[in-house]
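Reading through the structure tokens given below for one structure.
The values are calculated or read from the model by the stated rules, or taken from the named source; none is laboratory data. Keep in mind that what you see is a predicted model, and the values were worked out from it rather than measured. Note that each Cβ is placed from the backbone with ideal geometry, even for glycine, and that neighbours are counted across all protein chains shown. Heavy atoms of the whole protein, side chains included, go into the accessibility calculation; ligands, DNA and RNA do not. Shrake-Rupley method; radii C 1.70, N 1.55, O 1.52, S 1.80 Å.
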Amino acid sequence: KQIHVSDRGRFSTARLSAMEEGVPALGYVVENAWLGQCLWQGLDKDVISWRCPAEVTRMEPLPDGYRLTLNDETVLECDLAVLADGGRSGLREQLGIGVKTRPYNQSALIANITPSEAHNGEAFERFTDEGPMALLPLPDNRCALVWTRLGMDAQRLATLDERSFLSELQGVFGYRLGTLKQVGARHLYPLTLVEAEEQVRSHLVILGNAAHSLHPIAGQGFNLSLRDASALAEALLAGPAVPGNLATLQRYRERQRLDQNLTVGFSDQVTRLFGSTQSVVALGRNLGLLGLDLLPPAKRWFARQAMGLGTRPDV
Ligand SMILES: Cc1cc2nc3c(=O)[nH]c(=O)nc-3n(C[C@H](O)[C@H](O)[C@H](O)COP(=O)(O)OP(=O)(O)OC[C@H]3O[C@@H](n4cnc5c(N)ncnc54)[C@H](O)[C@@H]3O)c2cc1C
């Protein structure tokens, strides 16, 4: 319902609120396992055949489609292959599709935290000289922590005993949610901006993190991938009956180009601005946050980018 943005050790804060933006929520925090269950239940099993667990070990282009080989040696042929095997896509590499990468030299530490006070649907984004952190509201008064730190430091935090970890986190986050009482399993994600140099070929689309893997600071990667998937579905429905038709796939790519460029650019700029420890940048950020809170148009622009509506003047 609200997002509280603050800069540790500096005076500025900004508050975004769903009510001010005239929306039911600024965003939703969705747990991956729950989402997976919902999607699985939603599959029309008369139309879709499903193999899980399974690994695609090989993809070969055919004149009119792709041939996939699974790890149990099953072979499947299709008119259109959608490659969505994540940011470190081995299949993308196998197909000779290059990537542009920009390492951030940071890792994101992820864990669930239970605070003593109610979060009331408020998310916290806090910038510190050591990197940004977010605490996002989950059901049962838990919070999802995304804590970005330099690689070695994130490793250290991941292996600290529970009490020392919570005490260090409390020191950085403060007492806005009372005492941080419990931490669940901690996971580390090394962060690199990865962009595939090609996203469509005849009978092939690269989707999701395999196409663009962003810094999680602005929480846009999954949202962008959903918009890509939706645009692809629309292009396929509007195009000729053969789903792998290159012209149709290029139309999809062109339609999503601006959205992808703006979203990747927004995440990268926010990372550089809010991840920086340089005092000049930090001062600018501090003034920026202050301006954000005082200038309604700036605040509205930022809220729309954060909601993933930056390229949707119609919404
Ligand atoms: C710390 C963190 C926080 C984030 N927070 C947000 C957020 O708040 N909002 C947001 O919008 N996004 C967020 N993201 C981004 C989001 O997680 C990704 O954009 C999203 O997971 C991409 O989904 P994907 O399916 O493309 O890739 P992945 O989630 O990486 O999934 C790839 C899948 O492919 C499978 N696979 C791999 N190889 C093969 C193979 N050969 N055969 C078969 N299957 C294979 C893998 O097992 C995996 O299940 C965050 C990311 C991180 C790291």
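Can you sort Arg51, Arg149 by solvent-accessible area, 1.4 Å probe, largest first?
Greatest to least solvent exposure: Arg51, Arg149.
Post the alpha-carbon centroid distance, region 221-248 to region 59-122, in whole angstrom.
Region 221-248 and region 59-122 have Cα centres separated by 17 Å.
With the full set of protein chains in place, find how many percent of the accessible area of region 114-261 is carbon and sulfur; take the probe as 1.4 Å.
Answer for region 114-261 is 54 percent, counting heavy atoms of protein chains only.
Using the Karplus curve 6.51 cos²θ - 1.76 cosθ + 1.60 with θ = phi - 60°, work out ³J(HN,Hα) for each residue of region 204-213 in order, rounded to whole Hz, and write x for Gly and Pro.
9, 10, 9, 10, x, 4, 5, 8, 7, 10
In Å², what does the accessible area per residue of the chain work out to with a 1.4 Å probe?
54 Å²
Using the Cα centre as the reference, give the magnitude of the dipole from point charges on the C-beta atoms of the chain (Lys, Arg: +1; Asp, Glu: -1; all else neutral), rounded to the nearest 20 debye.
900 debye
How big is the chain by the Kirkwood estimate over distinct Cα pairs, in Å?
With all distinct Cα pairs of the chain included, I get 21.5 Å.
Calculate, in nm to one decimal, what Gln94 and Glu60 gain on full extension: separation in residues at 0.36 nm each, minus their alpha carbon distance.
11.3 nm
What is the gain in length, in nm to one decimal, between Ser230 and Arg272 on full extension, counting 0.36 nm per residue of separation less the C-alpha to C-alpha distance?
Result: 12.2 nm gained on full extension.
Accessible area, 1.4 Å probe, largest first: how do Val5, Val56 sort?
If we order Val5, Val56 from most to least accessible, we get Val56, Val5.
Report, ordered by chain and residue number, the lysines lying within cross-link reach of Lys1, taken as a straight Cα distance under 24 Å and ignoring same-chain residues fewer than 8 apart.
Of all the lysines, those that pass the test against Lys1 - Cα under 24 Å, at least 8 places apart if same chain - are Lys181, Lys299.
Straight-line reach from Lys100: which aspartates and glutamates have a Cα under 12 Å away, not including same-chain ones fewer than 8 places off?
Leaving aside aspartates and glutamates fewer than 8 places away in the same chain, those within reach of Lys100 are Glu195, Glu197, Glu198.
Any chance you could run the full-extension gain for Arg257 through Leu43? It's 0.36 nm times the residue separation minus the Cα-Cα distance, nm to one decimal.
74.2 nm
Report the label-to-label distance for Asn105 and Glu168 in nanometres (one decimal), using points 7 Å from each Cα along the Cα→Cβ vector.
The modelled label-to-label distance comes out at 1.9 nm.
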